[in-house]
Structures are given as structure tokens and as C-alpha cells.
2 protein chains.
Amino acid sequence: MNELRRDPVSGRWSIVIQDPMQTERLLVNLRERARVTEKYDANCPFCQGNEAQTPPEIYAVRTGTPPNSPGWTVRVVPDKFPVLRVEGALNNRAHGMYDLLDGIGAHEIVIETPEHSTWIPEMDETHLVQVLRTYQYRIADLKKDQRFRYVLVYKSHGEATGPAAHHSYSYVIATPVTPPRVKQELLNCAQHYQMKERCLLCDIVHQEESEGTRVVVDGKDFLAFLPFASGSPFETWILPKQHETFFEDNAHLEELAWILRRVLAALCDVLHEPNYVMLIHSGPNTSYGQRRGYWRTLAQDYHWHMEIVPRVRGFTSFEIVSGMYVNFVPPEHGARVLREKLSATPGGGL
Amino acid sequence: MNELRRDPVSGRWSIVIQDPMQTERLLVNLRERARVTEKYDANCPFCQGNEAQTPPEIYAVRTGTPPNSPGWTVRVVPDKFPVLRVEGALNNRAHGMYDLLDGIGAHEIVIETPEHSTWIPEMDETHLVQVLRTYQYRIADLKKDQRFRYVLVYKSHGEATGPAAHHSYSYVIATPVTPPRVKQELLNCAQHYQMKERCLLCDIVHQEESEGTRVVVDGKDFLAFLPFASGSPFETWILPKQHETFFEDNAHLEELAWILRRVLAALCDVLHEPNYVMLIHSGPNTSYGQRRGYWRTLAQDYHWHMEIVPRVRGFTSFEIVSGMYVNFVPPEHGARVLREKLSATPGGGL
């Protein structure tokens, strides 16, 4: 019998199809993709040596070389075509009964590597720590701007087009309103805390550890697991076991990098390098103006986490109109497949 | 300057791009599609004469012929591969801290016409009224089942594959939990009523009528307009001007059919028959068990409406991770384009 499962963090419902044959069919039907292997592409604006092809850098991890020249390992530049612009005032206002404000925000690109086709499973952990630390630095820096309510970090693997399509990069986007998906999570976490005086995601860590069936990696400071009401096959979350509101405060990036690399390598091996979305949900910006108190209260019940969502198919119309998801790989099954893959490759490489 | 606009019904935010060139580019780049014109396809299970290719019918509009034979104008059959099954008990339960229930529901197909490739702009209004009345009948009938919290009606034009891909049909799906998208609307409407003692969607009708810039058709009983914070180019809503909670109670289907046909014809003409999703958001099922009182209260603040969402592109990763939308056709511009199209074709045909 299929099951309807509710995710307490997002509030979404997933219809989990209990049919092991569908998982087998998915894994068999996925085709091996030809990977680009060039380490340099003259047309790619993100390759080392092509720094003049991007707007001037905001930040870079460098060993003594001048800005906008070679000699970096991670580099942050503004997006050339931002949907939200950094200059101007919010002009937060009403239009009759409606609400609007000007399209103010920040839209940055984190170039994760100077090499054209190197992707996360191929990066060594020291390098991956630099990438994660760059996210932390940009989040903390953008949160100094009181116009921004939230800073979202995400990457979309495999969907980009154009000359930089095969270069590994991610986005840091600061928004002047809390993104609705995050806001719902903040409210659900606050409501859980109000009722139980415990953090919702701390409770999830305990239940997942004691059940074990959906766990992929049970580390010292982090847990990687497939959520009970996964919306998509092999959706994986990584979160700190100890309560922590802000990703940018985390001091255990070495272990996070190790787990992230292993999990992505296993996912990409099992699903033949799928398109995937990776995102970091950190706490909101509590630095600004008069509402500090309200937001501080809401923020402290939150527990940051990372989500990796392979996109093995598009959304169906049913999913779009209902906000319910249909997942034909039960997370218990997906987690077992990933655990088996990881135990067969103890170094975690591909 | 781009604007961030909030939709008070769904709570979503849209980034509305103020760049008229982008609309022009969209309209110019859309290509004319070759339309299938056959009125019968031997392999299509939904064509008249092929009734034996579907499961036995649940309902049909017939003139005296026996069930599952030719001689019908609208026909309802169960889906052959339902994600939710009608047989069984809900077994609503907890799994540790999580919530789940069995995958119970109903999954029906409304075959809108006996002819293979006839689509809504080609149907006469008498026929379209029969389709709308069939939706009403199926919603009311499924709501007698106290296991179902909600009945969703929607159609997805242009995305189906297989032998019935070119046959016009819609879905009626009964779910044992309220779909999250609808629940959020119910809560937002209830909150608005609590604060203002007025219906949120009645307020929207008044503001749209008095502004006029986003209105497409201002009828006697219905208003068709592009919402202030449209998530997609040319997204159009149709709603009754007088407060009404349940679509299935509506007694003005002739005007609704007339407006729906005109709006779809204009949209399909302007966007060259785009893929689109059409949905009806009616009030929830208030018939069941002990919670009647709570749901009755929540339901009466709701105001049913129809949404037509052309899908001119897929969702971007930013939209998926944030729940914010990027719409590069301001609704004021889209509405003007549709009004001009409609005034040029007074009969409303293509």
C-alpha cells in the first residue's frame, strides 16, 4: 500500500510509492553521461586565466596574487544579469491591499574551482572546506546589510547552459523578504518549539539515529539521511547533530566536507551523475532594525541544514497544483542503496 | 526597477521584471505548433467507440445509450494507474514523531469530448457547460465520502504523452489530507477574515475592478484578471464576483463557460497554444466526522476560483529552492495584450 507521509519541517505531504520494481527500473534506465574532462576552456568566464570575462571579484581565496588575476582557488563575482540589484532603497509599501517593494538584493556566484570540469566528488576535502568557508564568509558579510532578510546558498548541477555549463559554481542570493519556503520552515520550527520546548530538527536527528533505516552516514558531528517524507527519489539531508541555528557559525567544516563529498559521490555513482540541486538553509538575518527581537526569537528555534535533491524527472502537474509530491523510491530503500555503495568504496571516491 | 510583489492568497512572492522587451521576445520566439486535427484515433482510449479500452465508466452525459457504449458527450472513468486508491481505511497514525496514513483517495479522468482532437476553444458553450457541470457533480459526489478532505479538479494541456495525448481530458482527485497549496490559501483567507471581517478574494475583486489594469474580462457574475503577483507570464484567474465558497454550488455556468472559452482562446492565440495547467480551487470537504465545526468555520471564509497557468518555461532552481517566482511579463502588460486580442475577435473564437 502506498503511504502519505508528512514532512514536519516543510509541512509538505509526499505520496511514497511502495514498489521496489520502480526503483530498479529507475536505476537501470538511467544512462551513463559523457563527462566533459577538459580542465580549461577559453570561452568559460569562470576558468583560471579568464578573470577579465567576469565583473570584478567580490572575494577570492588567493595566495598573494592581485585581485582579478590567476592564482586563486575559490572566487566570488557578481552575477552579470542579476534579478535583484544591490543598489537602492527597498521602498517597502502598499499598493491598495497588495504589498510590494523594489527588487533589491544581491546575486553572487561562487566559482568553486579554477579548473573547468572539476566537480565536487573530485575535489579534495581541503579545497571543499575552502568552498564551504567562502559560503560562510559571504553569508555573514551580506547579513551586515540590514536591507536583507535572508541569504540563500544553492547550486544547480547539470542544468546550466552556455560556456560555463560544465564549470562547478554556486549562487549566494540575498533577498529583502524571507523566501516563502524558508519562512514556512521557520514557522514550523517555532511552533514545534513552542509546543514541546525542543527543536524540531534535533528531534528528527534523534529519531533518525535510533531508527537507522534512513541514515546514509552517521558521523561525529553530522548526520546524513533521507527524510521520512522525501519529495524526490534519493533526496538527502545533512545536518549538525548539535543544535545550531546558523550555518555560518559552524566550526566542523572538515567533517561536513568529508560527508558531502562521499554522499555526492555515492548519489552520482548510483544515479549516473544526475542533475541535482543542493541548498543550505541557514537561519534568517537577525541584524536589522526594529524587528530584531521578533526575528531573534523565531531564529533561535531553527536548525540549519543542507538538502541535496537529485532531479530525476520534472514536476508533474499534480505536484504543481497540489503542493503534494509523488516519490516512487521509499527513503528506506534509497538509503540502503547508498549505504551499500558507500561501504563498497570505503575511501568515498568514485 | 523590478518589483517584489506578494500574492495575498497563496502567500508567494514574485519578482516582476519590468522590461517590455522580454515580453516581445517571448511572443516573437514562440513557434506555431502543428495541431493534430483527426476527430478519431483507433488507439486513443478516450475516443467515442473505444469505450472498452477504459475501466467501466463512473458517470457519463448520455442520451439514452447504455453505459460504456457510444452516444455520450462527457464521460468519467477511473484512472488505470491511480497514485491514490479508493479501497481501504485511512489508518491515520504516527510513526514516532512523524505522521502518515495509507494512500487512499480517488483518481478520476473526465473525458471532455468524444472527439479526438477537439479542445476547449473549439467546444461550444453548451458543451463546455456540460463539462463544468460534470466537475460539479463529481466533486459533490466524492465529498459524500468522509475519508476525503479535498477534491481537486485540474487539467494539464499539452504535456501528456501516449495515445490519448491529443484528447482533451481533466483530472478529479480526492485526497485524504488537504493539499498544502490549498491549505495555505484556506489559512490566509481565514486570517484575512479574522482581521478584517471581509473575504480576501472579495476584496481582490473590488480592487481589480476599480483599478482595471489587470482585468481581462469583466462579466456580469465573473471577473477574469491577471493576479497582481502572478508567478508566470499570463497567469489568469477567473472568479465569481459574489462571495461563494464552493465551485459545485455555482449556478452561473453559462457565463463561466463563455468567459473560460474566450480567455483560453485569447491565451492560446497570443502564446501559440502553450502548455497550460488549469485548476479549480473549491472549498474543502466539510461533510466529515467530528471536525465538521472546525472545517465549516475555515471553509466559509474561502472563495472558489479558477487558475489558468501557461507554462512557457520550466521552474528555475532559484524558484524551486526559494518558493519565490520570477515573472518577466508584468500582469498589467499581459492583461493589455489579452484585452486587445479579445476586442479584435468579438465573437471570442480563434
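Quick look at the numbers
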quantity	calculated
Selection count, region B:310-342, where residues are more than 24 Å from A:Pro82 (Cα to Cα) and touching a Phe, Trp or Tyr at 6+ places or on another chain (Cβ under 6 Å)	1
The listed residue being touching a Lys or Arg at 6+ places or on another chain (Cβ under 9 Å), over 20 Å from B:Pro284 (Cβ atoms) and modelled with pLDDT of 95 or more, out of B:Glu108, B:Glu115	B:Glu115
Evaluation of A:Leu128 against (1) in contact with a Pro (Cβ under 9 Å, 6 or more places away or on another chain); (2) part of a helix (DSSP H, G or I); (3) not polar (S, T, N, Q) (one fails), failing number	(1)
Among (1) of a type outside the set (Lys, Arg); (2) under 16 Å from A:Arg339 (Cβ atoms); (3) modelled with pLDDT under 95; (4) assigned to a loop (DSSP other than H, G, I, E, B) - the single one A:Phe234 does not satisfy	(3)
Check on B:Asp124, closer than 26 Å to B:Ser156 by Cβ and either in contact with a Phe, Trp or Tyr (Cβ under 7 Å, 6 or more places away or on another chain) or more than 14 Å from chain A (Cβ to nearest Cβ) (or both)	yes
Subset of region B:161-219 that is hydroxyl-bearing (Ser, Thr, Tyr) and in contact (Cβ under 8 Å) with a residue 24 or more places away in the chain - its residue that is surrounded by the fewest Cβ atoms within 10 Å (Cβ to Cβ)	B:Thr213
Lone qualifier among B:Ala164, B:Ala160 - being more than 10 Å from every other protein chain (Cβ to nearest Cβ) and assigned to a loop (DSSP other than H, G, I, E, B)	B:Ala164
Helices (runs of 4 or more DSSP H) fully within region A:287-350 counting 2 or more residues that are at pLDDT 80 or above, buried (at least 21 other Cβ atoms within 10 Å of the Cβ) and within 14 Å of chain B (Cβ to nearest Cβ)	A:317-322
For A:Tyr137: the one exception among (1) facing chain B (nearest Cβ under 9 Å); (2) assigned to a helix (DSSP H, G or I); (3) not polar (S, T, N, Q)	(1)
Members of region A:1-49 that are more than 30 Å from B:Ala174 (Cβ to Cβ) and among the hydroxyl-bearing types (Ser, Thr, Tyr)	A:Thr37, A:Tyr40
Set B:Pro114, B:Pro82, B:Pro66, B:Pro45: member being free of Cβ contacts under 8 Å to residues at least 60 places away in the same chain, more than 11 Å from every other protein chain (Cβ to nearest Cβ) and assigned to a loop (DSSP other than H, G, I, E, B)	B:Pro66
Boolean, B:Val217 is β-branched (Val, Ile, Thr) and touching a helix residue (DSSP H, G or I) at 6+ places or on another chain (Cβ under 9 Å)	yes
Residue satisfying condition, being among the aliphatic types (A, V, I, L, M), at pLDDT 90 or above, under 21 Å from A:Cys189 (Cβ atoms) and touching a helix residue (DSSP H, G or I) at 6+ places or on another chain (Cβ under 9 Å), within set A:Leu271, A:Leu267, A:Leu279	A:Leu279
Residue ID - nearest to the other protein chains (Cβ to nearest Cβ), chosen from residues in region A:2-42 that are polar (S, T, N, Q) and assigned to a loop (DSSP other than H, G, I, E, B)	A:Asn2
B:Leu152 being among the hydrophobic types (A, V, I, L, M, F, W, C), under 27 Å from B:Arg313 (Cβ atoms), in contact with a Phe, Trp or Tyr (Cβ under 9 Å, 6 or more places away or on another chain) and within 14 Å of chain A (Cβ to nearest Cβ)	yes
Residues satisfying the stated conditions in region B:85-111, i.e. hydrophobic (A, V, I, L, M, F, W, C) and within 14 Å of another protein chain (Cβ to nearest Cβ)	B:Val86, B:Ala89, B:Leu90, B:Ala94, B:Met97, B:Leu100, B:Leu101, B:Ile104, B:Ala106, B:Ile109
Candidate set from region B:69-79 (those that are without any contact (Cβ under 8 Å) to a residue 60 or more places away in the chain and among the β-branched types (Val, Ile, Thr)); member that is surrounded by the most Cβ atoms within 10 Å (Cβ to Cβ)	B:Val77
Boolean, B:Arg147 is charged (D, E, K, R), without any contact (Cβ under 8 Å) to a residue 40 or more places away in the chain, within 14 Å of another protein chain (Cβ to nearest Cβ) and part of a loop (DSSP other than H, G, I, E, B)	no
Region B:48-59: number of residues that are surrounded by 12 or more Cβ atoms within 10 Å (Cβ to Cβ) and not in a loop (DSSP other than H, G, I, E, B)	3
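The values are calculated or read from the model by the stated rules, or taken from the named source; none is laboratory data. Model, not experiment: these values are computed from the prediction. All Cβ positions, even for glycine, are placed from backbone atoms using ideal geometry, and neighbour counts span all protein chains on display.
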